[in-house]
Structure formats: C-alpha cells, structure tokens
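What follows is a set of notes on a single structure, which appears directly below.
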Amino acid sequence: MAEQLKPARDVVPMKANAFDVTQRASTQLLPLFPYAHRGAIVPCSVAFESDGSGANIGYFIHTNSVDEIAVTLASNGPMRTGDVMVGPRAHGVGGPGPAIPFFRVGVVVQRQLEQGEQPEEASFQCEQCNAELIHHRVDMADADEAPRYAALPSNILGEEAVTQLNSSEDLRTCKACGHVNPPFPIAIWGWNRYVRNSGIAQRGWDVVGDLDISSNKD
C-alpha cells in the first residue's frame with residue numbers, strides 16, 4: 001500500500017467566500033487563508049474593473065517559477081464567468097483597459113514548492129518602447145519561515161519595486177528612448193496599504209500573541 005501523504009505542517013481546515021474577501025481586500029492578490037508555507041496551496045482574490053475609457057491601470061511583466069491557475073468567478077469582460085486559465089510563467093499584468101466597461105472577480109491559485117528556491121520577478125517597462133526600467137526579484141520560499149502576519153512576498157515585490165520607481169524620475173526616464181514615464185498607479189493595486197497593514201498586524205501580534213490568557217482569573 002502506498003504511503004499516505006501528510007501535510008507539511010499542522011493546519012486548520014478553513015473556508016472562505018471569495019466575494020466577501022474581495023469586499024474587504026486592501027490589495028490585489030489577497031490570500032484567502034493564512035497559509036503560504038512550503039507545499040501549501042495559496043488562493044488569492046483579485047478584482048479589476050474598467051470604465052471603458054481605455055485608461056492604463058499600470059503594467060508589468062510577472063515571472064513565476066510555478067504555474068498560476070486563474071479562475072474567473074464573475075465577469076462581464078473578456079475573461080468570462082467560469083473561465084479557468086493556466087497562462088505562461090512569464091506574463092504581462094495590467095495595461096490599458098478595454099474600450100468597454102467591464103469588471104472581474106476572480107481567484108489566482110498557486111502551490112508552493114516543497115523545497116528549494118521559488119523565485120518571482122517583476123519587471124516594469126517604458127510605456128513608449130517597452131525597454132526595462134526596473135527589475136525586482138523575491139523568493140516565495142521565504143514565506144515558509146515568515147512571521148505570522150507577514151505580507152505575501154509577491155506583494156512585497158510589487159510594493160518595493162513601485163516605491164523605488166515612483167520615488168525617482170531618473171528611474172522612470174527610459175535609457176533607450178528618453179521618455180519620462182508617469183508614476184505607477186499603485187493605489188489601484190493596493191500593495192503599499194497591504195504591506196503597511198501587515199506590519200501593523202504583526203507588531204500587534206508580537207505584543208499580545210504570546211499572552212497566556214488561560215491564567216486570567218475573575
């Protein structure tokens with residue numbers, strides 16, 4: 001008889017309504033559950049909309065070392081309700097919206113590697129000629145040993161890259177064509193608020209998380 005596989009660590013079974021999570025989300029890629037350790041399946045909520053003006057919501061190239069499964073739960077746009085897609089590991093994210101109004105609520109899922117590095121990369125390009133302006137890399141395996149309320153490394157990656165890019169006109173000036181790119185609209189993505197809130201939550205947990213409340217008496 002084949003040996004029964006066991007979870008990499010003790011976890012509490014949980015369930016979540018992705019629409020409820022989307023309503024409360026401060027960021028794109030908000031984990032539905034507090035598990036991102038090695039071997040964990042990590043589903044995250046995503047939500048986008050466009051007013052039909054074709055406005056650019058920001059664009060970057062995301063390179064992943066594992067497959068991402070995108071599930072569209074509800075949409076009136078090009079990704080239809082019920083669509084399931086596994087795209088290339090290097091893929092564009094964001095960009096100009098379509099010429100018609102649309103919305104999308106979905107979940108993006110990946111499974112963490114059991115061992116070794118798990119790099120993720122984000123590359124931000126010139127809007128005129130697509131030459132690279134800035135490139136950042138993070139190891140998703142770091143989530144295995146992260147504090148309880150640490151931000152998802154994918155979102156730390158975006159927050160760090162965009163904060164650096166937006167703070168420097170020199171970095172936003174394309175070395176290939178000379179175009180001065182506008183600041184990346186990070187407010188749409190929410191990475192900065194999520195990383196900030198994660199830090200506050202962790203500091204709070206550090207204060208109260210180890211208290212032995214069972215010793216309290218009336």
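The values are calculated or read from the model by the stated rules, or taken from the named source; none is laboratory data. Because the structure is a prediction, the values reported are computed rather than measured. Glycine also receives a Cβ, built like all others from the backbone with ideal geometry; neighbour counts cover every protein chain displayed. The protein model used for the area step is the full one, side chains on, heavy atoms only, and it has no ligands, DNA or RNA in it. Shrake-Rupley method; radii C 1.70, N 1.55, O 1.52, S 1.80 Å.
Selection of the stretch 140-167 for residues being more than 19 Å from VAL109 (Cβ to Cβ), modelled with pLDDT under 95 and touching a helix residue (DSSP H, G or I) at 6+ places or on another chain (Cβ under 7 Å) yields ASP142, PRO147, ARG148, TYR149, ALA150.
For the criterion of being more than 20 Å from the chain's Cα centre (by Cα) and either under 15 Å from SER154 (Cα atoms) or modelled with pLDDT under 95 (or both), GLY39 fails.
Within the stretch 159-176, being in contact with a Cys (Cβ under 8 Å, 6 or more places away or on another chain) and exposed (fewer than 15 other Cβ atoms within 10 Å of the Cβ) holds for one residue alone: ALA176. Contact map, the stretch 182-195: residues that are over 17 Å from ILE134 (Cα atoms) and modelled with pLDDT under 95 paired with residues that are surrounded by fewer than 22 Cβ atoms within 10 Å (Cβ to Cβ) and not acidic (Asp, Glu), Cβ distance under 7 Å, separation 6+ or inter-chain. Pairs shown: ILE188/ILE57; ILE188/GLY58. Would you confirm, using the coordinates I've provided, whether ASP170 is in a helix (DSSP H, G or I) and modelled with pLDDT under 95? Answer is no for this residue. Taking the listed residues GLN128, GLN115, the one that is in contact with a Cys (Cβ under 6 Å, 6 or more places away or on another chain) and either open to solvent by 40 Å² or more (accessible area, probe 1.4 Å) or polar (S, T, N, Q) (or both) is GLN128, with no other qualifying.
To keep it simple, each residue is scored yes or no on (1) among the aliphatic types (A, V, I, L, M); (2) touching a Gly at 6+ places or on another chain (Cβ under 9 Å).
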| position | (1), (2) |
| --- | --- |
| ALA99 | yes, yes |
| ARG104 | no, yes |
| VAL109 | yes, no |
| ASN130 | no, no |
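Within the stretch 77-88, being surrounded by 13 or more Cβ atoms within 10 Å (Cβ to Cβ) and modelled with pLDDT under 95 holds for GLY77, MET79, GLY87.
Does any residue of the stretch 5-16 turn out to be over 20 Å from LEU152 (Cα atoms), modelled with pLDDT under 95, in contact with a helix residue (DSSP H, G or I) (Cβ under 7 Å, 6 or more places away or on another chain) and aliphatic (A, V, I, L, M)? Within the stretch 5-16, not a single residue is over 20 Å from LEU152 (Cα atoms), modelled with pLDDT under 95, in contact with a helix residue (DSSP H, G or I) (Cβ under 7 Å, 6 or more places away or on another chain) and aliphatic (A, V, I, L, M).
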